Amino acid sequence: MKTVGIIGGGQLGMMLAEEIHNLGAKAVCLDPNPKCSASFVCDDIVVSKYDDIEGLKKLGDMSDVITYEFENVPSKQLKFLLDTYNIPQGIQPLFDSQNRIREKENAKKHGLKTPMFMAINSMDDLLKGINEIGLPCLYKTTTMGYDGHGQVLIKTLNDVEKVKPFLDGEGILEEFIKYDFETSVIMVRSKEKTIVFPMGINKHKKGILDEVFVDKQLAVFEKIKNDAIHFMESAGYFGILCIEIFVKGNDYFFNEMAPRPHNSGHYTIEGCTTNQYRELARFLLNIPLEEPKLKSPTVMKNILGFDYENMKKLENSDIVHIHDYFKSEVREKRKMAHITFTNTTQDEYIEKYKKLFCED
Ligand code: AMP
């Protein structure tokens, strides 16, 4: 029986481990928290920091194949893993996604449209950047930023003051896109083919993904899917890749990518004929991939912090599918669980369910 080693033991690792089991293989995760979400599903856990070579070695020795659900493994450790163990996805997509400038340059090089952007290393760069890109624009730190952390919206020149605390590190200045909505493309690529999941509309609250609505496949989605497949193949990536996109009219702009299962793809578990975790598991276990299809209009609601209590007003049914991540402590913005509503349109969700949850 094959064993898949997963670097990271969060909810993504937990749901991946469930599918690895469904395909008849074992799952081991590495995480500093012995009570992490994936520990309740995995066959074994290596309790270790993500950058600890000894821990990574232990995971590697227990596994036939390694993957990651956590993005910030440092390059030195990644290189060691690649040289020593079987990582079918490689480390290139992870490396490319770890720096926002590298990430956007790479996206552009392989045919994706990006917002205008410039590297920022000083106040001089920032003022030049603002002059070139125009206002409003957005400053972001190039590394370790997620869910809106390390970002400053520059509406007027007075706002440059807010960037000052970040200027000792590297940053990126981006054109501010007044988009209609956000979406994401999730793809899995094997040597034989590339599959793409149906796309939806992603709604964020305070910079964190809140809801995903998957219903009609819009014309602009086809264009994005084609460009995304071209990008993945041209960049030479394998395994899973999620690309986050801003849509404006018939146009789109690449925002960022993640070479791991993605929060916006949770809906695929019940909403599609096959899901992002199963297809990644198939790729890792060398099983042919299956093209996914949407089964019904589907809505995914992320349960953060205090909505965890509100979630208990609902029960599992043919329509309501509750995924609890079994986290030991509720914290305000912590991802605690998610709910997928199948056979439910956006309007039906708003009418029946939205009021059960916190407004802001
Ligand atoms: P990120 O950390 O890059 O995913 O950004 C977090 C959120 O900030 C995104 O979900 C968007 O809502 C917003 N955002 C990021 N970049 C831009 C941009 N260039 N233009 C407009 N909004 C943006």
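Nothing in this text is a laboratory measurement; each read-out follows from the coordinates by a stated rule. Bear in mind that the values here come from a model prediction, so they are computed numbers and not experimental data. Note that each Cβ is placed from the backbone with ideal geometry, even for glycine, and that neighbours are counted across all protein chains shown.
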*Out of LYS155, LYS301, LYS108, any idea which swings most in a Gaussian network model of the chain, alpha carbons joined below 10 Å?*
LYS155
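Can you tell me which of 182-189, 221-228, 336-343, 73-80 comes out highest on packing, and rank the rest after it, using the mean Cβ neighbours within 10 Å? Show your work: numbers first, answer last.
On the way: 182-189: 23.8, 221-228: 18.5, 336-343: 21.5, 73-80: 14.8.
Result, highest mean Cβ count within 10 Å first: 182-189, 336-343, 221-228, 73-80.
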*Taking N as its residue count, the alpha carbon Rg of the chain over 2.2 N^0.38 Å*: 0.98
*asked:* From the phi angles alone, apply the Karplus equation (6.51, -1.76, 1.60; θ = phi - 60°) to the range 104-109 and give each ³J(HN,Hα) in whole Hz, x where the residue is Gly or Pro.
replied: 6, 4, 5, 4, 5, 4
_Mean Cβ neighbour count within 10 Å, used as a protection proxy, ranking 290-297, 95-102, 254-261 highest first_ = 254-261, 95-102, 290-297
*Can you pick out the pairs among LYS178/LYS248; LYS248/LYS352; LYS79/LYS109 whose Cα atoms lie more than 18 Å from each other?*
LYS248/LYS352; LYS79/LYS109
*Could you calculate the contour length gain from THR156 to MET62, that is, 0.36 nm times the residue separation minus the distance between their Cα atoms, to one decimal place in nm?*
28.4 nm
*What ³J(HN,Hα) values, in whole Hz, does the Karplus curve 6.51 cos²θ - 1.76 cosθ + 1.60 give for the range 120-126 when θ = phi - 60°, with x put for Gly and Pro?*
10, 10, 7, 4, 4, 4, 4
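Computed FRET efficiency, Cβ-Cβ of HIS21 and SER122, R0 41 Å: what is it to the nearest 0.05?
Computed FRET efficiency for HIS21 and SER122 comes out at 0.20.
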*Taking the chain as a Gaussian network, where each spring joins two C-alpha atoms under 10 Å apart, which residue of GLY13, GLY55, GLY265 fluctuates the most?*
GLY55
*Taking LYS354 as the anchor, which lysines have their alpha carbon closer than 24 Å to its alpha carbon, excluding any fewer than eight residues away along the same chain?*
LYS203, LYS205, LYS206, LYS216, LYS295, LYS301, LYS312, LYS313, LYS327, LYS333, LYS335
*Quick one: which residues, 5 or more positions from GLU256 or on another chain, have an amide H under 5 Å from its amide H? H modelled 1.01 Å from N in the peptide plane, none for Pro or chain starts.*
GLU244
_Could you derive backbone 3J(HN,Hα) for the range 21-34 from the dihedral phi with the Karplus parameters 6.51, -1.76 and 1.60 (θ = phi - 60°), listing whole Hz in sequence and x where the residue is Gly or Pro?_
4, 4, 9, x, 10, 9, 10, 10, 10, 10, 7, x, 9, x
*Quick one: net charge of ALA281's neighbours, Cβ under 15 Å, K/R +1, D/E -1?*
-1
*For the range 3-87, with the dipole built from +1 on Lys and Arg beta-carbon atoms and -1 on Asp and Glu ones, taken about the Cα centre, which of LEU30, LEU12, VAL65 lies farthest toward the positive end?*
LEU30
*So how far, in whole Å, is the C-alpha centre of the range 1-40 from the one of the range 143-211?*
27
*Considering only CYS29, CYS137, CYS42, give the residue with the highest GNM mean-square fluctuation for the chain, with springs between Cα atoms whenever their separation is below 10 Å.*
CYS137
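Quick one: compute the contact order of the chain, relative version, from alpha carbon pairs under 8 angstrom and 6+ residues apart, as a percent.
Working: 751 pairs, mean separation 51.5, N = 360.
For the chain, the relative contact order is 14 percent.
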*asked:* In Å, what Kirkwood hydrodynamic radius results for the range 166-300 from the alpha-carbon pair distances?
replied: 15.5
*Excluding residues on the same chain fewer than 8 positions from LYS104, give the aspartates and glutamates whose Cα lies under 14 Å from its Cα.*
ASP96, GLU174, GLU175, GLU244, GLU256
